[in-house]
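Rule-based calculations on the coordinates, nothing more; no lab input. None of the values given here were measured: they were computed from a predicted structure. Here the Cβ positions follow ideal geometry from the backbone for every residue, glycine too, while neighbour counts run over all protein chains shown.
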Amino acid sequence: MADFSTITYEVDTAVCTITLDRPEVANAQNTELIDELDAAFDRADADDAVRVVVLAANGRHWSAGHDLKALVGDAEPDEWRLMRETPEGKWHHEKVMYFDRCLRIRDFRKPTIAAVQGKCIAAGVMLACMCDLIVASDDASFQNPVLRMTGAAVEILVEPWEMPARKAKEFLLAAETFSAAEAERLGMVNRVVPRDELAAAARELADRIALVPPATAQVVKRSINKTLDLQGQRDAWDYHFQAHHWMHNTATALEALEARKAKGSMKEVFAEHTTADEADDS
Ligand code: ZN
C-alpha cells in the first residue's frame, strides 16, 4: 500500500514496520509526516494480523526533531501556520499535533519498538521514547539541545522518566549528547547493536514479543503504563506541557522567534550558542 509519502508501511507476518522516510531532511517531522504516522498506527491497530509495531527510519539519522524550517517558512498548511501566531493557537497546535499524537503512540495497545540509528534529536527523542522498547545502533546518539535556543525542552518531558533526574538535568541543561552505549547504561535503550544489524535485531525482538498472545501482551503493556501513570508520569507531562507553553510566550522566546524569522534560520541566530548542527525548539 503505497499511499504514504513521508513514511513507509509494511506488514510481514505479525510485525508491522513503519519507517520515517524523509532522509533528505534527517527525518524532520513535518505536518504530513505526523499525520501519516497517525494514520499508519490506525492501520496497524485495525489489522488483527499485526501484533508488534517497529518504528524505524530511513537514512543516516533517525530524526532531527520537528521540522521547524517548514513551520517558520510557508511549507506547512495555513491552518496550523497561522494558528501559531497567537498563544492559544500555538497551544492548540502543539497539543493536537505534538502532545496528543505522541501520547497516542505511548498508549497504542500493541507493543512497539523503536529502531534508532544516527542522530536522534529533541522531538526525535520524544518520539522514540513513546515506544515500549528501544533498540539502537552503535552509531546512534541522543540529544535535546533546545534550551539554548529558548525552547523549554519539547512538549513531552520524557527525560526524567528515561534516566535518573540528575542525568536528565545534565542532558537538558548542559545539552549533553548521550551515545547509544550511555543511553543503554542509563536504561533508556534496551540494547545496542552494530549499525548493519539494527533492522534484524529489532525484528528478532519483535518476533519474540509476537509469541505472546496479543491480549496478554497488551494487558501487561497497559499495566506497566498504568504503573507509570500512578507514579505521576501523566500529570508531570501535563504540567510540563503548560510550562513549555508559558516559555513559548515569554519575551525571551518571542524575541528569539522574531530574530529567527528575520534571519530565516535558527541555526544562524544561535550559532554562537549551540553545537548542535540540527535542532528544533518547538
Ligand atoms: Zn513547543
Only Lys, Arg, Asp and Glu count, each charged at its Cβ (+1, +1, -1, -1), so figure out the dipole size of region 63-127 about its Cα centre, rounded to 20 debye. 460 debye
Other-chain or far-sequence residues with amide H under 5 Å of residue 116's (modelled H): 135, 136, 137
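Sorting 32, 170 on the 10 Å Cβ count, fewest up front, what's the list?
Working: 32 18, 170 15.
The fewest-first ordering by Cβ neighbours comes to 170, 32.
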Multiply the residue separation of residue 166 and residue 220 by 0.36 nm, subtract the distance between their alpha-carbon atoms, and state the gained length in nm to one decimal. 16.5 nm
Using per-residue counts of other Cβ atoms within 10 Å, averaged over each peptide, order 149-161, 200-212, 122-134 from highest down. 122-134, 149-161, 200-212
Between residue 7 and residues 5 or more places away or on another chain, which pairs have amide H atoms under 5 Å apart, with H built 1.01 Å from N, and which residues are they? 21
How large is ³J(HN,Hα), in whole Hz, for each residue of region 82-90 in order, when computed from phi with the Karplus curve 6.51 cos²θ - 1.76 cosθ + 1.60 and θ = phi - 60°, using x for Gly and Pro? 6, 4, 6, 7, 10, x, 5, x, 4
Can you tell me the 0 to 90 degree angle between the C-alpha axis of helix 31-46 and the longest principal axis of the chain, rounded to 10? 20 degrees
Once the piece of chain linking residue 186 and residue 258 is laid out straight, how much longer is it, given 0.36 nm per residue of separation minus the C-alpha distance between them? 22.2 nm
For the pair residue 107/residue 85, report the inter-label distance in nm, with labels modelled 7 Å from Cα in the Cβ direction. 3.3 nm
Using each residue's phi in region 192-206, evaluate 6.51 cos²θ - 1.76 cosθ + 1.60 at θ = phi - 60° and report the 3J(HN,Hα) Karplus result to the nearest Hz, with x for Gly and Pro. 10, 9, x, 3, 7, 10, 4, 4, 5, 5, 5, 5, 4, 5, 4
For residue 189, which sequence-distant residues (separation of 5 or more, or a different chain) have an amide H within less than 5 Å of its own amide H, given hydrogens modelled in the peptide plane? 184
Of 107, 139, 74, the one that fluctuates the most in a GNM where the chain has Cα springs shorter than 10 Å: 74
Obtain the nm distance between the two label points defined at residue 239 and residue 11 by a simple spin-label model: each point lies 7 Å from its Cα along the Cα-to-C-beta direction. 4.2 nm
